[in-house]
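I have placed the structure first, in the form of structure tokens, so that the comments after it can refer back to it.
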Amino acid sequence: MNAVERSVENFLAPELPLARVAWLRRFVYAFVWLDVLWIVTDPIPHGDVPPSLYRGLEVRTLLHLPAPSHDYVRVLLAVILVSSAVAFTGRVPRLAGWVCAVGMLDWVSNAFAYSKVDHDHFALMVALFVLPTAGRARLSDVDVTSRAAGWAIRMVQIGAVSIYFLSANAKMRFGGWGWANGATLTWALSRRPNSIGPWVASHPALVHALQWVALVAEFSSPVVLWLRGKALYAALLFWAGFHLTTYVMLKIHFLPLVVCLLSFLPLERLPHPATLRRVVTARPRAASEAPSSAR
């Protein structure tokens, strides 16, 4: 293997701790419950609407996924909840993980077969399909590294970053560079007048500045893949602030994407739950055994 091939391999499949995969799985599979029960709930009522409203996405046609029906979507929901719960525990990670991934692909593509496609779920779907490939991983595997773990983490990272870059590309396809000096944000703020949104919309210069910041940041987002240390944390903090601002002004969240951004963090450094339990239980015992002060 020459130097170029080794560099490509180290970039796409770095040696990373299995514990990071184990932690990311915990966050992702816990989020799946939140997603299907609170965020993307459309598939349930879709099972009871006229079939004429259904416009299957290409992925559904390719996989021969059926049009939603009353019983089908409810069984699908049960499959997703059970498989994600099993995958969360770390048991049969490949089987449970892929069942959850296919179920979520069916669920999400169902939700988007009646209206617009929300791009924030792309990274989540990538995570659900690649995390099972790492095999068994435990929270205690802090010192156990593998390229399989590194490849899974890197694919989640690339999936997350690509959302930003492709979003900027879409702006160029449909609006050109004039998008940044247009009234897209003003229109959105007028449709969703929340918090400081109306005040921002009343200042065109500020609106244009925010649009330019968003466009430049989205086009520059792939750089995050090469950042390390404080520079990486600064970039992640910027995107966290970006999404918080979007939510405050427009009540639009990107939680599926934000969860996947956790893949950039050294999650393996988080304290093991067993250690936290020992600390919590030891404190009351130590307090009760301490001698009372005589007066």
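The values are calculated or read from the model by the stated rules, or taken from the named source; none is laboratory data. No experiment lies behind these values; they were computed from the predicted model shown. Ideal geometry is used to build each Cβ from the backbone, glycine not excepted, and the neighbour counts take in all protein chains shown.
Within the stretch 31-87, the set of residues being among the acidic types (Asp, Glu), surrounded by fewer than 14 Cβ atoms within 10 Å (Cβ to Cβ) and either in contact with an Asp or Glu (Cβ under 6 Å, 6 or more places away or on another chain) or closer than 24 Å to Ala127 by Cα (or both) comprises Glu58 only.
If you filter the stretch 162-183 down to residues that are under 19 Å from the mean Cα position of the chain (by Cα) and over 24 Å from Val200 (Cβ atoms), you find that the one that is surrounded by the most Cβ atoms within 10 Å (Cβ to Cβ) is Ser162.
Got at least one residue in the stretch 129-142 being farther than 22 Å from Arg91 by Cβ and surrounded by fewer than 20 Cβ atoms within 10 Å (Cβ to Cβ)? No, every residue in the stretch 129-142 fails to be farther than 22 Å from Arg91 by Cβ and surrounded by fewer than 20 Cβ atoms within 10 Å (Cβ to Cβ). Could you tell me whether Ala87 is of a type outside the set (Lys, Arg), in contact with a Gly (Cβ under 7 Å, 6 or more places away or on another chain), closer than 27 Å to Leu215 by Cα and assigned to a helix (DSSP H, G or I)? Spelling it out, it is not the case that Ala87 is of a type outside the set (Lys, Arg), in contact with a Gly (Cβ under 7 Å, 6 or more places away or on another chain), closer than 27 Å to Leu215 by Cα and assigned to a helix (DSSP H, G or I).
Taking the stated definitions as given, is Arg6 of a type in the set (D, E, K, R), part of a helix (DSSP H, G or I) and under 12 Å from the mean Cα position of the chain (by Cα)? When the stated conditions are applied, Arg6 does not pass them. Could you go through the stretch 136-158 and let me know if any residue there is closer than 26 Å to Gln211 by Cβ and of a type in the set (A, V, I, L, M, F, W, C). Within the stretch 136-158, one or more residues are closer than 26 Å to Gln211 by Cβ and of a type in the set (A, V, I, L, M, F, W, C).
Does any residue of the stretch 110-119 turn out to be over 23 Å from Leu255 (Cβ atoms), touching a residue at least 40 places away in the same chain (Cβ under 8 Å) and not in a helix (DSSP H, G or I)? There is no residue in the stretch 110-119 that is over 23 Å from Leu255 (Cβ atoms), touching a residue at least 40 places away in the same chain (Cβ under 8 Å) and not in a helix (DSSP H, G or I).
In the stretch 164-262, counting only helices (runs of 4 or more DSSP H) that sit wholly within it, the ones holding 2 or more residues that are under 18 Å from Asp120 (Cα atoms) and at pLDDT 90 or above span 204-220, 229-250, 255-261. Scoring Asp42 on the criteria (1) more than 30 Å from Asn110 (Cβ to Cβ); (2) in contact (Cβ under 8 Å) with a residue 60 or more places away in the chain; (3) among the charged types (D, E, K, R); (4) out of contact with any Leu (no Cβ under 7 Å at 6 or more places or on another chain) leaves a single failure, condition (1).
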